[in-house]
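*Asks:* One structure follows; several queries about it will come next.
The values are calculated or read from the model by the stated rules, or taken from the named source; none is laboratory data. Every value quoted in this text rests on a predicted model; they were computed, and no experiment measured them. Using ideal geometry, Cβ is built from the backbone for each residue, glycine included, and neighbour counts are taken over all protein chains shown.
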């Protein structure tokens, strides 16, 4: 099994075995984990394959979402429109919950040009204003100095 990503501060790691991704939290919080599993099953059931709860860790086993990470695409107006539209649609579909982490490394675009969101650790109940501010913050960090111009010229992706 290959280590893909690790965050020692947040006590979690992601592994890949060639078929599945394993996200492990190195602590125990059964109440949070149970709620997290329920939300994943509700909003993105295609990703969850299994879960493992131990006395010192919690792991979700996830199906691979095929595609290309959005942070590798050219950042132009058309790409911004596509991402912004997908984020707004995602918020609408999961309301009153929200993904909560709209960085481009959490967005995959597949060969059919469909956008999928990954890394649902932050899914939670959010007030509308908080969702808007967090999405704006994440997309500003992704699109940098071009963000304001892209938002001004935004039109929904076709």
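*Asks:* Which of the residues belonging to the range 28-43 are more than 25 Å from residue 115 (Cβ to Cβ) and surrounded by 12 or more Cβ atoms within 10 Å (Cβ to Cβ)?
*Replies:* Let us first name the residues in the range 28-43 that are more than 25 Å from residue 115 (Cβ to Cβ), namely 28-35.
Hits for the range 28-43 are 28, 29, 32, 33, 34, 35.
*Asks:* While we're on this one: Please go through the range 123-156 and give me each residue that is under 28 Å from residue 41 (Cα atoms), in contact (Cβ under 8 Å) with a residue 24 or more places away in the chain and part of a loop (DSSP other than H, G, I, E, B), ordered by number.
*Replies:* Selection gives 123, 126.
*Asks:* Same structure again: Give the residues of the range 44-78 that are within 15 Å of the chain's Cα centre (by Cα), under 24 Å from residue 156 (Cβ atoms) and surrounded by 16 or more Cβ atoms within 10 Å (Cβ to Cβ), sorted by residue number.
*Replies:* Hits for the range 44-78 are 44, 67, 70.
Here's the yes/no breakdown for (1) over 27 Å from residue 14 (Cβ atoms); (2) surrounded by 12 or more Cβ atoms within 10 Å (Cβ to Cβ); (3) within 13 Å of the chain's Cα centre (by Cα); (4) modelled with pLDDT of 95 or more:
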site: 92; (1), (2), (3), (4): yes, no, no, no
site: 96; (1), (2), (3), (4): yes, no, no, no
site: 122; (1), (2), (3), (4): no, yes, yes, no
site: 132; (1), (2), (3), (4): yes, yes, no, no
site: 146; (1), (2), (3), (4): yes, yes, no, yes
